[in-house]
Protein chains: 4
Amino acid sequence: MTRLWDKGAPLDERVLQYTAGEDHALDDRLVKYDVQASSAHAEMLAQCRLLSAEDLARIRAALLEIAALHERGAWRVRLEDEDGQTALENLLVERIGEAGGRLHAGRSRNDQVLAALRLYLRDAVEQLRAGAVTVADALDALARREGDTPLPGYTHLQQAMPSTVPLWAGGFSAEIRDDAEGLSSTHRRVSKNPLGSAAGYGTPNLAVSREETRKRLDFATTQEPVTAVQLSRGKAEAQVLFEIALLMQDLGRLASDLILYCTQEFAFVELPEAFTTGSSIMPQKRNPDVFELIRGRSATAQACLMEALGVAAKLPSGYHRDLQLIKAPLFRAIDLCLQTLDILPPALAGVRFRREHIKLDPSIHAAAEANALVVKEGIPFREAYRRVAAKLTPTK
Amino acid sequence: MTRLWDKGAPLDERVLQYTAGEDHALDDRLVKYDVQASSAHAEMLAQCRLLSAEDLARIRAALLEIAALHERGAWRVRLEDEDGQTALENLLVERIGEAGGRLHAGRSRNDQVLAALRLYLRDAVEQLRAGAVTVADALDALARREGDTPLPGYTHLQQAMPSTVPLWAGGFSAEIRDDAEGLSSTHRRVSKNPLGSAAGYGTPNLAVSREETRKRLDFATTQEPVTAVQLSRGKAEAQVLFEIALLMQDLGRLASDLILYCTQEFAFVELPEAFTTGSSIMPQKRNPDVFELIRGRSATAQACLMEALGVAAKLPSGYHRDLQLIKAPLFRAIDLCLQTLDILPPALAGVRFRREHIKLDPSIHAAAEANALVVKEGIPFREAYRRVAAKLTPTK
Amino acid sequence: MTRLWDKGAPLDERVLQYTAGEDHALDDRLVKYDVQASSAHAEMLAQCRLLSAEDLARIRAALLEIAALHERGAWRVRLEDEDGQTALENLLVERIGEAGGRLHAGRSRNDQVLAALRLYLRDAVEQLRAGAVTVADALDALARREGDTPLPGYTHLQQAMPSTVPLWAGGFSAEIRDDAEGLSSTHRRVSKNPLGSAAGYGTPNLAVSREETRKRLDFATTQEPVTAVQLSRGKAEAQVLFEIALLMQDLGRLASDLILYCTQEFAFVELPEAFTTGSSIMPQKRNPDVFELIRGRSATAQACLMEALGVAAKLPSGYHRDLQLIKAPLFRAIDLCLQTLDILPPALAGVRFRREHIKLDPSIHAAAEANALVVKEGIPFREAYRRVAAKLTPTK
Amino acid sequence: MTRLWDKGAPLDERVLQYTAGEDHALDDRLVKYDVQASSAHAEMLAQCRLLSAEDLARIRAALLEIAALHERGAWRVRLEDEDGQTALENLLVERIGEAGGRLHAGRSRNDQVLAALRLYLRDAVEQLRAGAVTVADALDALARREGDTPLPGYTHLQQAMPSTVPLWAGGFSAEIRDDAEGLSSTHRRVSKNPLGSAAGYGTPNLAVSREETRKRLDFATTQEPVTAVQLSRGKAEAQVLFEIALLMQDLGRLASDLILYCTQEFAFVELPEAFTTGSSIMPQKRNPDVFELIRGRSATAQACLMEALGVAAKLPSGYHRDLQLIKAPLFRAIDLCLQTLDILPPALAGVRFRREHIKLDPSIHAAAEANALVVKEGIPFREAYRRVAAKLTPTK
């Protein structure tokens, strides 16, 4: 990416690189959604008599064709296009001429890109949610497999109370399902129709219908007033990133446990060989790299959230070019989370607990004994606690 | 706070200070909620025949008395108490002796503090939500007051399209109401009953009823399995912090606009005198300090979110003492947000737009003109755009 | 802190609370340094014939007296004072009347508070540096104590190569000394004289000497031009916070090791009893709370850095009230780091390695064996590696 | 990047993608430095009689050839190579057989990659430093060009004191030079020789000389003890990221000023046309996109720092695979900063101040007047202040 600068490229090219930079590549995943939103916009224009039926037909046909070509990899958003929206319009005009130039009536790149982004997020969030549920299912399967395998329950990383593998796995499963619900709940902010707000101040002299595009794109509400649209840039994105950060945190903590459990000292689990790697100088090593990278990526996910929040911070109202920079951490976090959710089910399927190595410290039953004393002798818990403690101390 | 160290205090005291430090003071706001949760726990114990009716009566009476004394400021959680839960139990035992020692059966400080914290959060979130709505109402009142005051609509901070004060205020009002809804939605994670999970592994040999405490405390669900409870530490807290960060970001951006609008160069608004301050060397100054601090605190709020996420990151499952550190950024953010929400309505009530200074650049109507051409002449938007652009360029 | 709002306090008081809030309390630690800087400023004024010798004498005497009273706790910066600078000037005028009013010639609160802050930072950084060295010394003492205690060397938390306690402790000691140097290196940004820049634009019509105050306060350079001073707000602070974050990260990682080593499964170390705490329901527990809180506070330290960077971000040049908010995370991080540095030496002095439990996996010598083969047989390392690996695999 | 998953790729490939992912591509920029470090390592081995003169000659020749081919783009690190270090060794063995297999004696990928990374950082930091100086020079040139153009000096974004364009530009220039020095000072942590630490525990049975590689690679010191090397992973990187964050913050604040100054309301500056962009619906617009993106990227730079700190946080000592994830934010921040430093000098060269629009509020001279009164009448500043204030108030 530094090439342009290394070679002393002409100024215009460097400015284009600085402004459109990696952004044009990021836009590739939005093309499909831009086509959806553009079709809906065109249909609305026709409905409002701002586009003839013939032009609509030509626009729709051309958009479908362009989308199909993109799907097949026949074209990509290029740096010279500046962004995906411009690329799309250029291709349209190339194909159907003047009619293509009619599509941009009543919209701006500001609402256009936001519509595409929210449609994309709707899909991405659903993929993330489903992926999280699959990981939770894998944990439940593990719990069933290891039905009665005991496990120390830790507090402060000290053996505290007796637990079991199903309780351990079930805790993570429950929290990951909670994250899946959290992802679904981002729908509230994602599903607001931005179309018709144009650059953020509506479309004076053009009577467009925001309700028409809302219905066609199945947005839950139309974002009102028009000035709210640009002001909300980054909020739905940040909520998706926040829920990803929570989910990755739960996964990172699961990884922490497994890395610990497969040390020689704990030796509670054996990781599937396909998910461990060797060393360049220590032939004996089987390292839990996949789990270390899950843990590490939980830090990356947090940084993505911070980046998105930081970009929007303190900006006066209205659109600013800064906001474009939110896409990079958003897509980065979605990708890393999807990949993590995909790699975990096969990894968890291969996790085997080594029951023979799992030793519960005898003192781990102290609280249960105190509880039993409470029930049996009717003494206050505090007294039972002291009695059990007195019995334990000398053995320390 | 550094006093202890400066004076070469004895080791035990320093360890106590390092571990219980500011935490004991933070616990003061939880006392009221700890009493609620403790009463519910006692009632459940009685229901499950783990506590006699007489002991329950004495515990409830004593708890109410202790709470009333705390409300009146007659006692505070002290450093020596280590934390609010211990303080409460000590006071109880002091008052009613052995019966007080029976209360801790079937619970641990881990689930006890979490119950108190979630009950507190339920109230705090409702206060924040109501405060946000009040700020939105103040913006709507401002919009009504300035019914037809024009305002340039900006993109890239350049005059772009005609707007109005109501559109400007309405955008913020809508987004702040969106934040209020966001705060409400944290209820899902806040309203899970942790009681009965004890240290995170349940209460072997003691048949407690988690459903009983859930009902009495009006939690929406009981968090299952017991291992999920400690694993979820920090998640509800982080979501509250996230929604606070979004709200503070919207308020910070509102502040950015007002700081800009009250420069001599814009001169669009006059801020209420009570909300501005003077200078120690420039007698003529009226500075928008309140708004600068709102903007600045939007950065603080983001850091509080990061702090909470960072504390929980990568920890193995089970309780760790680190988790106690989440309270400080949580309370800090709640307080700064409540104070900001409280200061804004009177501040906004005094904001006056200086219509005589608000100048719309003539070029601001270019998009509207292009739109009119589209409608009138039926030409494509792109052609209308080029025509209007051609007319404008020479005057630049 | 929310009291004011709860009770429906009058507006002025609430604005004061919102703007001066916790800030006035933070200023207490700056009083001593403000007195230093104010004395130097007065001497410079006298030198430049902007203050008579008599007035100088009275100002100096009064400042010393005020400082001594503050040192004894006889006064504190109060909310009504708004900030420490105002408090100081008010006390001065109270004592010596008109002469006190002459002190503010040629300065503003902007350069005044910055001078006090940098003088404070110079001391605080030196305290931090010395504290870090003391911790490194404690690690070196531990290394000497445990002269030949073996320890597995880990990579990926898997036993990898033979190591020793001195190597383990020595690595941390070296890095903590590196952090101590890092703290010293903040001197470059801390030691710039801000005095004479006043509000950020110098002192027109008043010929002050910036070199005079620089010499008297032993700043390394005078920050030029005057506009750089306010622009640099937060930079020295952020560098101190960055170095604290690195140091706390090293200490947090040391804590991670010790928490791991004192699990029942590793059982490599015994922590000193004074540094562990018990449980409210599990009488057998000895929890490594101090080390958990060190680890947790490494996350807090990072958040303090982020907060300071976030507050200054994107602000136009010149002073803004937002910048005052940097003090809170700065002091918070300094305090938590000093306390951590103070608690560690006695804690480390009591750490005992349990040699009898430290088991090196036989495979840990594989790399050394491969190395020996290289030397003995002159074969390439890659072949030696394969030979040792072949021998190991079946035993897995 | 999500392709693999979309297509249901086989497990091994997905694990490889998850672990080596974007990392192999990031390693491309390290190849040149890995070759340097590998040559120095080979020379040291020969010196220590662990490699014959012939093998050394063949290794050096092959390394040079491989580097030249890489420079010409004839090969790239591929996903199948896993990382750049493995790619290099494979190419070497391909070319010179057994001799290539002798190179890895006495080193591990852990110290190998760190050596390459530090050599790279040494160059990158120098490029960043030089770039910062060039921007400062451009600001100084602007100051000379606009020799006596007046400018209001702002505090709280209110006109406060008279200033000039040279004072404004000079403040930024000074702070950017300060950042350049800050970048240079990272040398202390960057210039530590990691070679000879191997996986982090030295090279038992192989008497390598760490001093030999230090000298050949011109590192300032050898990092001792060997365990410090992996413990320090991320620290030099974080310091570089911190200094980049400060520099980007200064540049972002410069951008904030220019964005403000080129509003229609301020109208203080005209930006060069090549650095502004148009609008898709408002033909009249000239938007300061380059400056908005500089401001936005100052937020990205902060997030890169947080990401690097977050990845290393809380890890036990020794190498962990997580640490590999530091490269991505490190390279991202270096690239964005270099590009920003490259785009600014031509941008600043085209900035023209519109002297005719720069209006200083008459009250801006109030402090100077008060100062004059102090000198002329010998009255205390506080009295002069009150007098000037009294005169001003009615005109408000």
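The values are calculated or read from the model by the stated rules, or taken from the named source; none is laboratory data. Everything numeric here is computed off the predicted structure, so don't read it as measured data. Here the Cβ positions follow ideal geometry from the backbone for every residue, glycine too, while neighbour counts run over all protein chains shown. Protein only, heavy atoms only, side chains kept; ligands, DNA and RNA dropped before computing areas. Shrake-Rupley method; radii C 1.70, N 1.55, O 1.52, S 1.80 Å.
Quick notes on this structure:
- Where only DSSP H runs of four or more residues are counted, chain D gives -20000 deg cm²/dmol as its mean residue ellipticity at 222 nm, each run worth -39500 (n - 2.57).
- The Cα-based radius of gyration of chain A, divided by its Kirkwood radius, gives an Rg/Rh of 1.13.
- Fraction of antiparallel bridges per DSSP, the protein assembly as shown only, in percent to nearest 5: 80 percent
- Only Lys, Arg (+1) and Asp, Glu (-1) charged, at Cβ; chain A dipole about Cα centre in debye: 860 debye
- Between B:84, B:101, B:196, the Gaussian network model of chain B with springs among Cα atoms under 10 angstrom shows the greatest mean-square fluctuation at B:101.
- For chain A, modelled as a GNM whose springs connect Cα atoms under 10 angstrom apart, the maximal fluctuation among A:121, A:338, A:11 occurs at A:11.
- Averaged over peptide B:166-174, the number of partner chain Cβ atoms lying within 10 Å of each residue's Cβ comes to 6.
- Helix D:53-71 and the longest principal axis of the C-alpha atoms of chain D enclose an angle of approximately 40°.
- Three-way shape label, the stretch B:51-96, alpha-carbon gyration tensor, a/c 1.5: oblate
- Apportionment of accessible area to carbon and sulfur, the stretch A:238-370, percent (1.4 Å): 51 percent
- Rolling a 1.4 Å probe over the protein heavy atoms gives the stretch A:127-213 an accessible area of 27 Å² per residue.
- Charges were assigned to the Cβ only: +1 to each Lys and Arg, -1 to each Asp and Glu. The resulting dipole of the stretch D:182-250 about its Cα centre is roughly 160 debye.
- Eigenvalues of the alpha-carbon gyration tensor of the stretch B:144-293, scaled by 5 and square-rooted, set the equivalent ellipsoid semi-axes at 49, 19, 13 angstrom, largest first.
- A Förster radius of 45 Å, combined with the Cβ-Cβ distance separating residue C:79 from residue B:61, puts the computed FRET efficiency at roughly 0.70.
- The stretch D:221-279 versus the stretch A:309-355: alpha-carbon centroid distance in Å: 23 Å
- The stretch D:173-281, relative contact order in percent, only Cα pairs under 8 angstrom and at least six apart counted: 28 percent
- Pairs of Lys residues in chain B that lie 8 or more places apart, or on two chains, and have C-alpha atoms under 22 angstrom apart add up to 12.
- Across the alpha-carbon set of the protein assembly as shown, the Rg to Rh ratio works out to 0.96, Rh being the Kirkwood radius.
- Simple spin-label estimate for residue D:359 and residue C:267 in nanometres, 7 Å along Cα-Cβ: 8.4 nm
- Cα centroid separation - the stretch C:4-75 against the stretch A:79-133, whole Å: 59 Å
- Projected onto its three principal axes, the C-alpha set of the stretch D:1-132 covers 52, 45, 27 Å, listed from the longest axis down.
- Rounded to the nearest 20 debye, the dipole magnitude of the stretch D:76-203 is 360 debye, with +1 charges on Lys and Arg beta carbons, -1 on Asp and Glu beta carbons, and the Cα centre as origin.
- Options D:90, D:39, D:56, ranked by Cα towards positive dipole end of the stretch D:1-143, top entry (Cβ charges): D:56
- Peptides ranked, highest mean first, by Cβ atoms within 10 Å: ranges D:16-27, D:247-258, C:348-359: D:247-258, D:16-27, C:348-359
- 10 Å Cβ neighbours from other chains, averaged over peptide B:252-259: 5
- Relative contact order of chain D, pairs being alpha-carbon contacts under 8 Å that are 6 or more residues apart, as %: 17 percent
- Cα long-axis angle, helix D:84-96 against chain D (0 to 90 degrees, to the nearest 10): 40 degrees
- Counting Cβ atoms of other protein chains within 10 Å of each Cβ in A:227-238 and taking the mean gives 5.
- Each label was represented as a point 7 Å from its Cα along the Cα-to-Cβ direction; for residue B:372 and residue A:137 these points are 6.0 nm apart.
- Chain D: angle of helix D:289-312 to the longest principal axis, Cα-based, in degrees nearest 10: 50 degrees
- Distances, shortest first, from the label point of residue D:49 to those at the same position in the other copies read 8.1, 8.7, 10.0 nm; the point lies 7 Å along Cα to C-beta.
- Subtracting the Cα-Cα distance of residue D:383 and residue D:94 from their residue separation scaled by 0.36 nm leaves 95.5 nm.
- With the charge dipole of the stretch D:252-359 set up from +1 on Lys and Arg Cβ and -1 on Asp and Glu Cβ about the Cα centre, the Cα lying farthest toward the positive end among the listed residues D:318, D:337, D:254 is that of D:318.
- Considering only A:110, A:90, A:371, the mean-square fluctuation computed in a Gaussian network model of chain A, springs between alpha carbons under 10 angstrom, is largest for A:371.
- Per DSSP, loop GluC sites (Glu not before Pro) in the stretch C:252-324 with at most 14 further Cβ within 10 Å: none
- Charge context of residue B:358, other residues only, Cβ under 13 angstrom, K/R +1, D/E -1: -3
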